[in-house]
1. Would you mind checking which residues have amide H under 5 Å from Tyr182's amide H? H placed 1.01 Å from N; only 5 or more apart, or other chain.
2. How would you rank His85, His143, going from fewest to most other Cβ atoms within 10 Å of each one's own Cβ?
3. Report the full-extension gain for the segment Ser149 to Asn300: residue separation times 0.36 nm, less the Cα-Cα distance, to one decimal in nm.
4. At 7 Å along the Cα-to-beta-carbon direction for both Trp125 and Lys93, put a label point, then send me their distance in nm to one decimal.
5. Quick one: of Lys95/Lys166; Lys30/Lys87; Lys35/Lys193; Lys35/Lys174; Lys41/Lys95, which pairs are farther than 27 Å apart, Cα to Cα?
6. Work out how much length Leu118 to Ser156 would gain on full extension: take 0.36 nm times their residue separation and subtract the Cα-Cα distance, in nm to one decimal.
7. Treat the count of other C-beta atoms within 10 Å as a stand-in for reagent exposure and order Val171, Val20, Val286 from fewest to most.
8. Once you have the Cα-Cα distance between Ser23 and Asn40, take 0.36 nm times their residue separation minus that, and quote the gain in nm to one decimal.
Amino acid sequence: MDFTASLKLIHANFFFVDIVGLSDTSMSTKTQIKKIETLNKCISDCISFKSVPLDSLLLLPTGDGCCIGFMQGPELPLLLAVELHTKLAAYNKGKIPSETVRVRIGLHSGNCFLVNDLLGQRNTWGPGIIYARRVMDFGDDGHILLSPSLAEDLRSLSDEYRGIIKPVHDVILKHGTTMLLYSAYGDGFGNSKHPDKGASVRSKYGEEVLRLQKTTLYPSIDLILTVLDVEKMVVQHKRTYEVSIMSIVGFLGIGVTMMFFVMALRLIGAVRTFLIYSTTTVFSIVYSAVILSESISILNIISAGTVLFGLIVLRNRISAD
């Protein structure tokens, strides 16, 4: 087996950008060209771009934007994204919406290949570019999205990067691959709102995290460790749990419900009691869907149908009595 390194394989840090809404058919070709030229001018004026030697850059025009590969440090794509947002904000100031240039940006660190095009000129292609494009595709206007490989590298460099690069949620890429998406935003750059596209394709892991966040009984836990003997490594720990008010209300609610259930069994009988309590089950499902806008599963619908069928049987039983 040949393990010789390929001279055409390059590792780079990619910056992928396109103009939001440029494919709108109502927009004239002249306006589209002006927006593309404005984007190119703003990028070329950025210090993080023009300070890098051309032989350390991989440039790939994409029609409504471009892909830039930096073969130097991982910070350059993010610095370029922040600079570009600042310059576009200054350009868009005072212009009508149809004249503004709004972009979305995807950043990734990965590999690419040098290939020859039809004219024999050097060109780039590979998974690094494709991945950066897919990261960008999840974005909306103003988003600076990062793949986990680049985001984790930057977050490990400094607390400043850790403060502006935040995990968003898991998304499912093409062929079922799951990826944790990151978003960079701060004063004057980025978009603090979660991407709408990512919200529609959250993975099962992401949904489970959100579910656990809503049902956690302890909002915070304080752990105090006291070293009793350094040589023998004897420590004493103390945990302090903060119980939320909603948890206490929930426990009280369950207790009160059970108390009234037992009272109802004794006062009005088993049939009428189950009739009343079954009705509340259907009401809670409808209330969750209409008022709380929560998702209703097939299992919920089957449960509600079973309860409604039971209500009809109980009603007939009462009528027969």
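No value in this document is a laboratory result; all are computed from the given coordinates. None of these values were measured; they are calculated from a predicted model. As a convention, Cβ positions derive from the backbone with ideal geometry for all residues, glycine included, and neighbour counts pool all protein chains shown.
1. Amide H to amide H, under 5 Å and 5 or more residues apart or across chains, Tyr182 pairs with Leu146, Val168.
2. Fewest-to-most Cβ neighbours within 10 Å comes out as His85, His143.
3. Between Ser149 and Asn300, full extension yields an extra 50.4 nm.
4. 4.4
5. Lys95/Lys166; Lys35/Lys174
6. Full extension from Leu118 to Ser156 adds 9.5 nm.
7. The order, fewest Cβ neighbours first, is Val286, Val20, Val171.
8. So the extension gain works out to 4.4 nm.
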